[in-house]
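Q: Have a look at this one before I ask anything.
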Amino acid sequence: MTIKQGRFLTGSTMRHVVVMTMTASVGLTFMFLIDAASLFWVSQMGVEQNVAALGFAWTIQFFTISAGIGLMIAAVALVSRSIGQGDRALARRQATASMVIAGGVQGVIALIIWLSRDPILASAGASGETLQIASRYLAISLPALPIVAVGMVGSAVLRAEGDAYRSMMVMIIAGLVAMVLDPLFIFTFGLGVDGAAYVVVISRLVTAVLSVWFIIRVHDLAAKPAWADIQIIAKPFFLIATPAILTQLSTPFGNYIVTIFMSGYGDGAVAGWAVVSRLTVVAFGGVFALSGAVGGIFGQNYGAGKMDRVVSTYRNSLVYCIIYVAAAWLVLFLMRDVIVDVFGLGAQGAEIVYSFTNLAAGGFAFSGILFVSNAAFNNLGHPLWSTGFNWARDGILILPLCWVFGGMLAGPGVVYGQALAAVIVGSLAAVVAWRFVNELGK
């Protein structure tokens, strides 16, 4: 019997990094475009309060999606190693168990947040009608979390296999569905912000159905769900997923702190921050995709014992990150006035956007470096290192830096404080990861 070899074990690692990251970034960008399109159409209602409400709601949603990304990382690490070792039967069981576990975990998270959404929104600075709008958005969209968890893990399994194209198409099709339905639900059906929430639910269902279909019909990478498999795989899964989730939750925690600071400057500043948050994930989709996209490359080569390729994967990922951020930053800078006009921001919101596009966006290179280092740590046996570095940025540095710079420069200072935290921690993570990966190479 011929054993199917992992596709990342041969060929240029730079090519693998570029192909996997670009396709993953296109898919991820389309997923984030679901939110960006919603924000655009809601902004066309001409009520800045609605934009601010979405900003508060997405701050909470960011926690749930980040937990899902942590579950994706665990699935990629397990499945890619098994594929690298030539054990596809184990990979099938791991893929199925990962989707079942992820759906269950996100179901519990959704229930907890759904029941306590109003106090959480209030603690972030939302109040009055803004809080009520954000609460309704969460009430509608949160129950779909288990569905999107299955879709996200399914897409991750496709990347672990090396099927960049179909992993990308899952997100693209879901994004296109959302962009078509948003104006219908928001304006034609007269549902406003609630309509945007319903579209999110539909697009998440599309993601789950497509990813599972490709896994089963194209790659035969799904086994019949079995409680025995779930029990066996749960332990190694959570050994990776737990620190990975803790790592991913640090980013929305930092964003939550920034939102609290921004709320002190009024709905205009929060609206500007909502636009910046959507700009960040769309413009830097290629950087956000890095950690998950290159995880399979690390995992397959690590499983096959090809440590020289592990080293080149890390190095090439850093090069890609820096070039990508430089290009995206230039586009944001040139489009800054258009962005402000399109989203109908007032003077206060525009000031927040300009502080990001003119300077703070450049600091995202260091966030990207941190993402690459996290991918190395997660897939090479040290996921807790990722957790430590991320929480050093979001749990330790962001608050004092935003407080100091916000005190000096108001809303823009908060944006600069967040960027500086990324610069400091990203630099430290790069030094540690570089030494670690090179020791493996030796």
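A short reminder: the numbers here are calculations on the coordinates, not readings from a lab. All of these numbers come straight from a predicted model, not from anything done at the bench. Quick reminder, even Gly has a Cβ in these numbers, built from the backbone with ideal geometry, and neighbours come from all protein chains shown.
Q: Under the √(5λ) rule applied to the eigenvalues of the Cα gyration tensor, what semi-axes describe the equivalent ellipsoid of segment 246-298? Give them in Å, descending.
A: 28, 14, 4
Q: Something else: Charges at C-beta only: +1 for Lys and Arg, -1 for Asp and Glu. How large is the resulting dipole of segment 11-441 about its Cα centre, in Debye rounded to 20?
A: 1260
Q: Can you work out D for segment 154-197 in µm² s⁻¹ from Stokes-Einstein, where Rh is the Kirkwood radius over C-alpha pairs, the temperature is 4 °C and the viscosity is 1.567 mPa s?
A: 110
Q: Just want the answer: with Cβ charges of +1 for Lys and Arg and -1 for Asp and Glu, which residue in 221, 269, 181 is farthest toward the dipole's positive end in segment 163-285?
A: Sorting the options by dipole projection puts first 221.
Q: Using +1 at the Cβ of each Lys and Arg and -1 at the Cβ of each Asp and Glu in the chain, identify which of 8, 411, 43 lies farthest towards the dipole's positive end.
A: With unit charges placed on the Cβ atoms, the residue in question is 8.
Q: Put +1 on the Cβ of each Lys and Arg and -1 on the Cβ of each Asp and Glu in the chain; which of 135, 365, 314 then has its Cα farthest toward the positive end of the dipole?
A: Checking the options against the dipole of the chain, the answer is 314.
Q: Also, quick follow-up: Over the chain, what is the mean sequence separation of C-alpha contacts under 8 Å (at least six apart), divided by residue count, expressed as relative contact order in percent? All intermediate terms of the calculation are to be shown ahead of the outcome.
A: Details: 766 pairs, mean separation 108.7, N = 442.
Relative contact order for the chain comes out at 25 percent.
Q: A follow-up question, please. Pairing the Cα long axis of helix 128-141 with the longest principal axis of the chain, what angle in degrees results, from 0 to 90 and rounded to the nearest 10?
A: On a 0 to 90 degree scale, this one is about 30.
Q: Cα convex hull of the chain: how many Å³ per residue?
A: Considering the Cα atoms of the chain, their hull volume per residue is 121 Å³.
Q: Run the dipole for segment 164-272 about the Cα centre, Lys and Arg Cβ at +1, Asp and Glu Cβ at -1, nothing else charged, and hand back the magnitude in debye, nearest 20. Spell out each step's value before the answer.
A: Numbers: 5 positive and 5 negative charges, 78 e Å.
The dipole magnitude comes to about 380 debye.
Q: Let me ask another. For 439, 48, what ranking results if the residue with the fewest other Cβ atoms within 10 Å of its Cβ goes first?
A: Details: 439 10, 48 23.
The fewest-first ordering by Cβ neighbours comes to 439, 48.
Q: Relative to 2.2 N^0.38 Å, what does the C-alpha radius of gyration of segment 314-442 come to as a ratio? Two decimals please.
A: It is 1.19.
Q: Can you tell me the relative contact order of segment 294-442? Whole percent, Cα pairs under 8 Å, sequence separation 6 or more.
A: 30
Q: Using 7 Å Cα-to-Cβ label points, what is the residue 202/residue 226 separation (nm, one decimal)?
A: Result for the modelled spin labels: 4.0 nm.
Q: Something else: Go ahead and estimate [θ] at 222 nm for the chain from helices alone: -39,500 (n - 2.57) per DSSP H run with n ≥ 4, summed, over the residue count, rounded to 500.
A: Computed mean residue ellipticity for the chain: -29000 deg cm²/dmol.
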